[in-house]
Every structure is written in C-alpha cells, then in structure tokens.
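Each value in this text was obtained by applying a stated rule to the coordinates, not by laboratory testing. Note that the coordinates shown come from a computational prediction; the quantities given were computed from them, not determined experimentally. We place every Cβ from the backbone using ideal geometry, glycine too, and count neighbours over all the protein chains shown.
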Amino acid sequence: MKTATVSTPGKIILFGEHSVVYNKKGIASAIDKHSTVKIKENTNEFISLFLKDFNIRTRIRIEEAVSFAEEIKTLASEKKFDQIKKLSKNPINPIKAVIGTTINKDKNPSSFDMVISSRIPKTGGLGSGSSVFAGVSATILSLSGNRINKKKIAENAYLGDVIAHAGTPSGIDTSTVTYGGFIEYKKTTGVKPLKIKSPLLIVIGDTGIPARTKTAVTQVRRMLEEKPLQVKRVLEEMDSIAEEGIRQVKENNFEMIGKLMNENQECLRGLRVSHPKLEKLIKASLRAGALGAKLSGGGKGGIMIALAESKAMQKKIARSIENTGGKAIITTIGVEGVKREGL
Ligand code: MEV
C-alpha cells in the first residue's frame with residue numbers, strides 16, 4: 001500500500017490583505033511553521049480522515065467528496081455566499097471539497113486513510129487552513145505517482161479557501177503556502193516569486209483572539225456595495241502601497257517598508273477589519289522601536305506583524321508584545337513551500 005507525508009508552511013501577508021480579493025497587488029511570505037498530512041492507500045470503500053488537533057474522525061465516500069466539490073463550485077459561481085458561509089462552520093467541509101476536486105481529475109482514484117496535524121497557531125491569520133488544504137491535495141496527487149505539481153496543488157487547495165473565506169478568496173494564502181518563499185500576488189495574474197537581498201526581521205504578535213476572516217471579507221464586500229466610491233479609493237491606495245512595497249522590498253529599504261506597513265494598517269482600519277487587541281500590540285511594537293506594524297491576514301483578531309531593523313530590536317519588540325498580553329513569535333520567513341517528506 002502506498003504512503004506519503006507532506007509538510008506545508010503557514011504564511012504572513014506583508015501588504016495587501018483584503019485588497020487582493022479585488023485584484024489588487026499583495027506581497028506574502030511562507031513561514032517556518034508547518035502542517036503535516038499523512039496518507040496511506042486503503043482498500044476500503046471509505047476515505048477515513050483524522051484531524052488530530054480537533055480530535056475529529058470521520059469517513060467519506062469518494063463519490064460524496066467529488067459531488068460536494070462540484071456543489072461548492074456551483075454555489076461560488078452563483079454567488080451564494082451565505083450558503084457557503086454556513087458550510088464553513090464544519091472544519092471537515094473545506095477538506096472534503098479539496099479531496100473531491102483533487103480526486104475528480106484522477107483517472108484511478110484509490111481510497112485512503114489521512115491524518116492531519118499542524119504546528120501553525122490556529123488563532124488565524126497564519127494560513128493554518130490553506131496550509132492543510134495544500135497538503136491534502138499534494139498527498140492525494142502523490143498517491144497516483146504524480147510529482148509535486150505546485151500549480152495543480154494551489155488550484156485544488158483554493159477550493160478549501162472558497163469555503164473557509166466564504167466565497168471569494170483571492171488565492172494569496174493557498175499560493176503562498178504552496179510555492180513558498182516570498183511572493184508577489186495578483187488574482188488574475190497569479191504568483192511571481194520576489195527576490196529579496198537579505199531577510200526581513202519580522203515579529204509576529206498573536207492576539208489569542210480568533211481571526212474572523214469570513215466575517216471580515218463579508219463586511220468589506222458589503223461596505224464596497226454600500227459605499228463604492230469611498231471603499232474603491234481605499235483599495236486603490238492599498239494597491240499603490242503594495243506596488244511601492246515591492247520596489248522597496250527589492251531595494252532592501254527597511255525604513256520605507258516599515259512606513260508602508262503603517263500606511264497599509266491605516267487603510268485596514270478604514271475597512272474596519274482591525275481589533276482593539278491588534279491595535280494594542282501594534283502600538284506596543286512601535287513603542288519598542290519597530291519600523292512598522294500592521295495586522296496580517298483576515299483581521300478582526302488573529303495576528304499582527306512588526307518589522308525590526310536588528311535582531312536585538314526584534315527581541316525588544318517581542319518582549320513588548322508579551323508584556324501587552326500577546327504571544328510573540330519569531331520565526332524564519334521565506335521558507336520552502338509544500339514538500340514531500342522522506343524523498
Ligand atoms: C486572508 O489571509 C487574506 C484575505 O485577503 C482573504 C483572501 O485573500 O482570500 C483577507
């Protein structure tokens with residue numbers, strides 16, 4: 001019986017969350033925190049799933065997963081976002097959809113046992129879901145002897161985020177965790193690897209308050225319907241910030257990157273996706289000397305990131321975040337994307 005283990009990183013977004021949903025530019029990076037998916041072919045009628053961190057076990061028929069994936073694609077194309085949002089409450093659903101869409105394209109699907117676990121904090125904002133979705137697709141593809149095909153994996157994982165983000169994900173999360181490194185992203189043109197000269201020194205501050213990505217994305221969509229001129233202006237502003245961010249990241253101009261992060265945060269405040277605890281940690285980081293700080297990911301909780309000019313400063317910012325009631329994480333960024341272990 002064939003087996004495979006795949007490990008996939010989480011992610012942070014340096015510029016452009018929410019505006020990327022509307023085809024604006026974004027910059028993101030993979031981080032050195034991973035999820036692991038193990039697969040073992042079986043001869044049963046059922047796919048058996050074990051979500052270790054949630055202690056959930058379930059069994060799904062192949063045909064059921066395939067038709068569920070089709071149902072989600074139809075709901076998304078008909079813009080039935082409220083129905084998708086309801087389905088997102090069950091953590092099995094996005095995984096079932098990714099399994100279904102991956103298997104559907106396989107000529108000889110086999111049944112399997114799958115075990116999923118993760119070391120990516122689940123507060124949200126660090127791509128814990130997207131990382132698992134990419135891992136799920138990659139393990140299934142490797143059962144049929146396929147080498148890691150990042151384009152296919154990112155495409156399949158995207159359907160998981162359609163559910164997790166309630167209808168209209170940009171694809172930045174699933175692309176970042178799949179391709180790894182630093183990427184420039186735009187919905188219609190996809191991923192472009194971004195070369196950086198020396199690593200950015202980032203501190204992640206975890207609020208401990210679950211991010212509410214679905215709610216935040218839905219809220220921005222409604223705001224755009226209600227106040228199109230005002231919101232479009234903010235989205236345009238975010239696009240220019242990301243565009244300038246790309247230039248400054250290439251130039252290694254940390255001071256400018258920090259300044260742009262603060263400006264990006266101001267736009268995110270305008271979209272009302274921040275949270276008092278995020279603001280507290282952002283202030284604490286800036287007080288400690290961060291060059292810039294902003295929320296990262298969906299917001300309304302979750303995590304923020306701060307940029308430091310030195311390792312000593314990174315530690316100082318981390319202490320300040322911890323003293324303000326957050327959990328500081330210092331980790332390597334720009335790491336490799338989805339990969340099969342033991343090869
Ligand atoms: C969430 O990590 C990023 C958002 O822009 C949603 C998306 O891009 O799908 C808020």
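Key figures
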| read-out | value |
| --- | --- |
| Computed magnitude of the charge dipole of the chain (debye, nearest 20; Cβ of K, R +1, Cβ of D, E -1) | 380 |
| Within region 116-266: Cβ-based charge dipole about Cα centre, in debye rounded to nearest 20 (Lys, Arg +1; Asp, Glu -1) | 540 |
| Alpha-carbon centroid distance for the pair region 49-69 / region 184-207, whole angstrom | 32 |
| Inter-part distance where region 279-343 and region 2-32 are each reduced to a Cα centre, Å | 16 |
| Cα-based radius of gyration of the chain once divided by 2.2 N^0.38 Å, which approximates compact folds | 0.96 |
| Order by protection proxy (mean Cβ within 10 Å, highest first), peptides 278-285, 300-307, 172-179 | 172-179, 300-307, 278-285 |
| Pairs from LYS232/LYS315; LYS2/LYS186; LYS33/LYS315; LYS24/LYS79; LYS73/LYS214; LYS25/LYS227 whose Cα-Cα separation, in the structure shown, is over 29 Å | LYS232/LYS315; LYS2/LYS186 |
| Which listed pairs, of LYS40/LYS339; LYS85/LYS151; LYS85/LYS294; LYS86/LYS327, have C-alpha distances above 23 Å, in listed order | LYS85/LYS151; LYS85/LYS294; LYS86/LYS327 |
| Proximal charge balance of THR189 [Cβ under 12 Å; K/R count +1, D/E count -1] | +4 |
| Two-decimal ratio, region 54-107, of alpha-carbon radius of gyration to 2.2 N^0.38 Å | 1.15 |
